Amino acid sequence: MHVRRLWLTDFRNYATAEVRLAPGLTAIVGDNGEGKSNLLEALRWIMGENRPTQMRGEGMDDVIFAGSETRPARNAASVELVIDN
């Protein structure tokens, strides 16, 4: 089984994001606060995690995009996972 793509819409700090993963080892790097942990939490969420305390939040509303200077807050989030089996 191989995770090929992770697509986030209004999840945490991502208004939209697409991460394509090639076979083999993949490293996600970046500065603190850029959203590396949020990508892992998106994977956990789509695989069934529903306890906010396990996702660095107080409630499940904390996974929804809270808005930015150029984009308003949302009331729903979605994560799409494409797996090649």
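The values are calculated or read from the model by the stated rules, or taken from the named source; none is laboratory data. Predicted, not measured: the structure shown is a model, and the values here were computed from it. Glycine gets a Cβ as well: all are built from the backbone with ideal geometry, and neighbour counts include every protein chain shown. For the accessible areas, the whole protein counts, side chains as well, though only heavy atoms, and no ligand, DNA or RNA atoms are used. Shrake-Rupley method; radii C 1.70, N 1.55, O 1.52, S 1.80 Å.
Annotation: of all residues in the stretch 33-46 being under 10 Å from VAL79 (Cα atoms) and either in contact with a Phe, Trp or Tyr (Cβ under 8 Å, 6 or more places away or on another chain) or not in a helix (DSSP H, G or I) (or both), the one that is most open to solvent (accessible area, probe 1.4 Å) is TRP45. Residues being open to solvent by 50 Å² or more (accessible area, probe 1.4 Å) and not hydroxyl-bearing (Ser, Thr, Tyr): count how many of those fall in the stretch 59-81. So the answer is 12.
Cβ-Cβ distances below 8 Å connect the following pairs, each with a first residue in the stretch 67-79 that is at positive phi, a second residue that is open to solvent by less than 70 Å² (accessible area, probe 1.4 Å), and a separation of six or more residues or different chains: GLY67/ALA73. THR16 meets each of the listed conditions (1) at positive phi; (2) in a strand (DSSP E or B) apart from (1). Scanning the stretch 1-17 for residues that are open to solvent by 60 Å² or more (accessible area, probe 1.4 Å) and either modelled with pLDDT of 90 or more or touching an Asp or Glu at 6+ places or on another chain (Cβ under 6 Å) (or both) turns up ARG4, TRP7, THR16.
Residues of the stretch 18-53 being in contact with a Gly (Cβ under 8 Å, 6 or more places away or on another chain) and at pLDDT 90 or above, which ones?
Let us first name the residues in the stretch 18-53 that are in contact with a Gly (Cβ under 8 Å, 6 or more places away or on another chain), namely 36, 52.
Hit for the stretch 18-53 is LYS36, nothing else.
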